[in-house]
Amino acid sequence: MSPRLAASSYGSRPAPTAVLVRLSTVSVVLLVAGLGLGRPDVVALAAPFTVALFLAVRRARSARVEAELEISRAEVVEGTALDGTLTIRTTGDLDAVVVDVQVGIGLALRDGVRRRAIAVRGGEEVVVNLGIVAARWGHSAVGPIHVNIVTAGLAFAVAVPDRPTHWLTVLPSVERFRSDASLPYAVTAAGSHRSLVRGDGVDFAGIRPFVFGDRLRRVNWRVSQRTGSLQVVDSFTERASEVVVLIDSAQDVGVSGGVGGTASSLDAAVRAAATVTAHHLRRGDAVRLVDVGTRLRFLRRLTGRRDFVVACNWLLDTRLAEVGEAWVPDRVAALAPPRATVLALTPLLDERMTTLVARLRQRGQPVVVVDTLPPDAVPRQLDVYEALARRMWMMERERTVALLVESGCPVVPWTTTGALDRALRELSVAALAPRAAAR
Amino acid sequence: MSSTRGPVLDGIRARLRAYSSRRYAFLLGLAVLHLGLMVAAGWLVAGQIGANPIRVLVIGLLGAVAAFVIASPGSAGALVFIVGCGFFYLMLTALETSIGADDRMPHPFQVLGLAAALFLVHALDGLREILPPNASIDPTVLTRWLRRVAEALVPGLGIGGLLVVLPTASGGGTFWLVGAVALLLAVGLPVLVLRPRPWAGPDDPTS
């Protein structure tokens, strides 16, 4: 059972409202005037008010209201509904129950309805779903929630204490990403990830001549008979690799429309980081997360599926904030182990990020740049000068991308996870290619 | 470049989406109905607008209070309007009778119409007070409200009609009996409800 974030139970008898005061005052004034002056028409004016007063008091005396407000699950994933309910039990009819739910940025209300008014029949138990949906990753506020109950011809009210604000953790959604591409370098000796290192494994790598030390069960007798010399089946080993995910949070461009809507560059980066982290942790690889935003922030080396929750919680703090230490490319480059594959999630708007990627490539590090700039987040062109500026900006950007590609760093947009898979394959193929060695 | 304050703008957009023109049209309809009832009550109080400056003054005063009631439902404006209508009704009918300009006794339908209009002004004010401007309103709230209004209005008009129509009402025992019982209820019920009850436990949250 999930822990309850907030719950309150409240039972009360109705208390008079201004409507009751008005009914009583009008009745008394008109009746006194009518009786004092001997005017039956004035007493007739008071009659509906007096009847309403009598009925209201009679109804309110029999009413007892219990309201229970419950919000469960302090942690939800983007796009899921929050279990928030208001349960009302009453012995008498309730004319109106007005529920006012306030939510912070990142949460949305179903159909955009913040307030709703319902009526409850006596003896019924009504459960009102508050209709809160987690729209965007982050720490979001739920509440305060006001409940206003009126009964007996609106003449009595039941005061339900307001629920104070609670903080809710909305984890980023993880896209389906399943890549069989092998990472260029294996780091640890064992794992479930197919490495490019040949040895004992399952995946077929090729046929090669027998050398001393090869196991006899690896000899391919059919090929050996055809070639006249002993040939063995070569295979890729299963090992674990290390992945460093660089998140560029220095800028957040584009409109954040929540899950299913438009994504800003930071949304794309966080969701991509969560997706990639989930994939590699599932494969047994180690993952390091580094936030190179306005300031530098990084997380310890993660291994195993359990660390995914740690990664998600860390990713929630990725925002445009002046926290952490100021960074320079060399400092960040030092955080990446030499044989780790680096995934840089960046909109390519910060020159420091481009320098960092170039520095990593100079070290021979396999780097894939995932372009998180949303397609609609390009400079507007209102007049001829802005059109010119936009053209220059786009040319400069294309040049940056071309230089990165030329340096052996694939640049893929984060539109589908398939693009990232292709880029990883490119990296592994590039790692297999012969290279010149300095002598 | 698009704004970097995407989440903020998104929140504002979500709030704007929450404002439905249909809901506002409904509330506007309620306000128009409320105003219409107050105009009807004023018309019934003042009789017909003629050259009499007192009537124009009454209409003007009630109109000002009515505008306040429309602008701020749930305030004391509705109480002032209803009591004011009763006061002006008494004053105008007494004045016309005393100066002999119009020896009129209000028609029973006029009295009952005024009683109904004043009660509906009161009931609509209560409804407009509890309904928030941008809420999703369940139809049962309105049907329940209509039923509550009818439950009070129909017997109330019946009793009022009896008082007005009976020829010996003002001199007979029915008037005094009904009036005394009504006054007893009007004073006694609120006292009964509002009396301090030290023997009752506090209705504090149970958890």
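Values in this text are rule-based calculations from the coordinates and carry no lab data. The structure presented is a predicted model; accordingly, all values stated were derived computationally and were not measured. We place every Cβ from the backbone using ideal geometry, glycine too, and count neighbours over all the protein chains shown.
Observations, loosely collected:
- Whole-angstrom gap from the range A:200-238 to the range B:23-91, using each part's C-alpha centre: 101
- Gaussian network model of chain A, springs between alpha carbon atoms under 10 Å - residue of A:Pro16, A:Pro40, A:Pro347 with greatest fluctuation: A:Pro40
- Stretched out straight at 0.36 nm per residue, the stretch from A:Val127 to A:Asn313 would grow longer than its current Cα-Cα span by 63.8 nm.
- Residue-span extension gain [A:Met394 to A:Glu351] - 0.36 nm each, minus C-alpha spacing: 14.0 nm
- Point-to-point label distance, A:Gln362-B:Val187, nm (Cα→Cβ direction, 7 Å offset): 9.8
- Neighbouring partner chain Cβ atoms per residue of B:142-152, average, 10 Å criterion: 5
- Peptides B:119-131, A:204-216, ordered by how many other C-beta atoms sit within 10 Å of their residues on average, highest first, read B:119-131, A:204-216.
- Across peptide A:14-26, the average count of Cβ atoms from other chains found within 10 Å of a residue's Cβ is 6.
- Each Cα pair under 8 Å and six or more residues apart adds its separation to the average, and for chain A the resulting relative contact order is 12 percent.
- Screening chain A for whole DSSP H helices with an alpha carbon extent of at least 15 angstrom along the helix axis and a mean Kyte-Doolittle hydropathy of at least -0.5 yields A:18-37, A:40-61, A:265-282, A:384-406, A:417-432.
- Burial ranking of peptide ranges A:331-340, A:249-258 (average Cβ count within 10 Å, highest at the top): A:249-258, A:331-340
- Cα-Cα P(r), chain A, percent of pairs per 20 Å interval: 20, 35, 23, 14, 6, 1, 0
- Burial order of peptide ranges A:348-359, A:396-407 (average beta-carbon count within 10 Å, highest first): A:348-359, A:396-407
- Computed on the Cα trace of the range A:109-157, the radius of gyration divided by the Kirkwood hydrodynamic radius gives Rg/Rh = 1.06.
- Taking 0.36 nm per residue of separation and subtracting the current Cα-Cα distance, fully stretching the chain between A:Thr165 and A:Val223 would add 13.6 nm.
- Annotation: the antiparallel percentage among DSSP beta bridges lying fully within chain A is about 75.
- The calculated Kirkwood hydrodynamic radius for the range A:241-432 is 17.0 Å, given to one decimal from all distinct C-alpha pairs.
- Note on B:Leu28 and B:Val165: the model spin-label points, each 7 Å out from Cα along the C-beta direction, lie 4.1 nm apart.
- Globularity index of the range A:30-150, i.e. its alpha-carbon radius of gyration over 2.2 N^0.38 Å: 1.60
- Residue by residue along A:83-96, Cβ atoms of other protein chains within 10 Å of the local Cβ number 2 on average.
- The alpha carbon radius of gyration of the range A:237-354, expressed as a multiple of 2.2 N^0.38 Å, is 1.04.
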